[in-house]
Amino acid sequence: MRLTILGGGGFRVPLVYGALLGDHAEGRVTEVTLHDVDAGRLRAVTGVLTEQAKDVPDAPAVHATTELDEALRGADFVFSAIRVGGLAGRAADERVALAEGVLGQETVGAGGIAYGLRTVPVAVDIARRVRELAPDAWVINFTNPAGLVTEAMSRHLGDRVIGICDSPVGLGRRVARVLGADPGEAWIDYVGLNHLGWLRGLEVNGRDELPRLLADEKLLGSFEEGRLFGTDWLRSLGAIPNEYLHYYYFNREAVRAYREAERTRGAFLLDQQASFYAEPSYASWDRTRAEREATYMAHNREASGAGERDAADLEESGGYEKVALALMRAIARDERATLILNVRGRGALTCLDDDAVVEIPCLVDANGAHPVRVAPLPGHAMGLVSSVKAVEREVLTAAEGGSRSSAVKAFALHPLVDSVTVARRLLDGYTAAHPQLAYLARK
Ligand code: G6P
Ligand code: MN
C-alpha cells in the first residue's frame, strides 16, 4: 500500500512515519512517497526518517520527489499537509492582523482568512491532479485552515477528500479522563466547523456523563478547557468548547496577549525550526517537538490565568498522526471506526446546506466517512457556525474567481473583524505581504 505525503519536508512528517513504523498488521503502508517543493527540507526529513527506521525490519520504504505528478501516480492514500508561504507566511498572517488590532492567528479570524486565500488555489490544483492521476486514492487533508481547504477540494474530489484535526480527539480524551471513562468506549457528541466546535455530551453505556462533570466544580476546573474558559462559562454554555473558541469568547484578552508578546507563534516556530532544518537529526527534531507542544497556546493560557499546561493534558494534546492512521486503517481494512472528521455534512447540521464541510462524528468503513445525524446546535452556536461558513464561502469565491470584493467581504463579515474599513486595510496589508495573493491585488 502506497501513501503519498504532500508537504513531505514538513516538521510533522516524522510523527506520521513514527506511527506507520508501529503498524505491523496486514494491509499496512509499505511505501511512503514524500513530496515537497523544497528539496532541502525533503532531504532533512528523509534523513530523520532513515534514523527512525534503523531498527525496524519492516519499515515502509521512503521515496522523495519534488514532482507532484510523480508523487501522485499510484498512490492509494494522499496526505496533504502543505503550508503555502511557509512559517514566514504564517508569521505575516499574524502580524498584519495584530497591527490592525484584530486577532492574528494561524486559522481563526483575519489570519485564517489570509491563510485560506493563499492556500485554496494550491489545494484546488492538487485536487485536480489527484482526480486525473490517482482517481481512486483517498485524500486526507491536514492542510489548514482544514475545514475550508477540505471544502475547496471536495468541489473536485467529492467525498474522496476527508479533513482531519487532532483537537476534537484531544478534547474528548481530556473530558473522558476527568470523568474516569475509557475514551475508546465513549460516544462523543462533538460538532461544529473545524476549530469551531462544541462537545455537548459524552455517553458511556448510553448514559450522558457530561452533566456530572458540569455539576462538579472541582472536576470541571481540573483540565485544560476548565482553566482556559473558566468553570462558570462552561456551565453557562452547558458544553465544552474547542480550545480555539477561546479566541471568540475571550477575543479582547487574546488579542491583547498576542500584541504584547515578544513574538507571534509563527515567528517563534520559524526561529525554532530554522535551527532544526540547519542541522536536522532525530534528536533535535524530538527536542524541538517537545518544546513546541509545551508552548502550544501559551498566550491564551497566560491571558486567562490558566498557567502552564498540565502534564496530563499535554499528553492528550496532539496525536494528529494517530487520527490520520486510524482513518486510513478504517478505510483500507473496512474496520468501521467512529471518528470526528471534516466532511460534507449532507444536512447533518440543519443550519447548513448539504455541501458545507463540517466537523462531525462519522462512521468510517471501506466506502469512506459517513456523517452521523446529530442534535441541532443551540442558537448561539448556530449563529457562529453560519457566519464563519459564510466567510469561508466568500474565501472560496475569491479564490476561484480572483474576486477582490469577495475577499473584502470575507474579512468584513468575520465575527472577529469589527469594521469594513479594517477589512479593506487587512486585504491591502496581506496582498502586500504575500506574493501568492497577487491575484487579488488592485487592478
Ligand atoms: C493543533 C491544531 C492544528 C494546528 C496546530 C498548531 O494541532 O489542530 O490545526 O495547526 O495545533 O500548532 P502550532 O504548534 O503550529 O502552533
Ligand atoms: Mn487542527
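Values quoted throughout were computed directly from the atomic coordinates according to the rules given, and no laboratory measurement underlies them. These numbers come from a predicted model, not from an experiment. Here Cβ is always computed from backbone atoms with ideal geometry, including for glycine, and neighbour counts include all displayed protein chains.
Membrane-span-like helices in the chain (whole DSSP H runs, Cα extent of at least 30 Å along the helix axis, mean Kyte-Doolittle hydropathy of at least -1.0): 109-133, 379-401. Relative contact order for the chain: 16 percent, from Cα pairs under 8 Å spaced at least 6 residues apart, divided by residue count.
Residues Glu217, Glu321, arranged from fewest to most other Cβ atoms within 10 angstrom of their Cβ, appear as Glu217, Glu321. A full extension of the chain between Glu279 and His380 corresponds to an added length of 31.5 nm, given 0.36 nm per residue minus the alpha carbon distance. Using C-alpha pairs below 8 Å separated by at least 6 residues, the relative contact order for region 2-164 is 22 percent.
Annotated for the chain: lysine pairs at least 8 residues apart or interchain, Cα distance under 29 Å, count 5.
Given a Förster radius of 22 Å and the C-beta distance between Asp310 and Glu217 as r, what FRET efficiency does 1/(1 + (r/R0)^6) yield to the nearest 0.05? Computed FRET efficiency for Asp310 and Glu217: 0.80. Could you identify which residue out of Pro376, Pro361, Pro57 has the top mean-square fluctuation in a GNM of the chain using Cα springs shorter than 10 Å? Of the options given, Pro57 has the highest mean-square fluctuation. When a/c reaches 1.5 or more, the comparison of a/b and b/c decides; with that in mind, is region 105-255 rounded, prolate or oblate per its Cα gyration tensor? Here region 105-255 falls in the oblate category. What 222 nm value per residue comes from the helices of the chain, counting each DSSP H run with n ≥ 4 as -39,500 (n - 2.57) and dividing by all residues, nearest 500 deg cm²/dmol? Taken over the chain, the calculation gives -15500 deg cm²/dmol.
Close amide H pairs (under 5 Å, H built 1.01 Å from N) link Gly104 with Leu98, residues at least 5 positions away or on another chain. Peptides 258-269, 84-95 ranked from most to least packed, by the mean per-residue count of other Cβ atoms within 10 Å: 84-95, 258-269.
When both region 311-387 and region 143-204 are represented by their alpha-carbon centers, they are found 5 Å apart. Could you tell me what % of all Cα pairs in the chain have separations over 33 Å? For the chain, the share of Cα pairs beyond 33 Å comes to 32 percent. Extension gain for Thr50-Ser403 works out to 122.6 nm (0.36 nm per residue, less the C-alpha to C-alpha distance).
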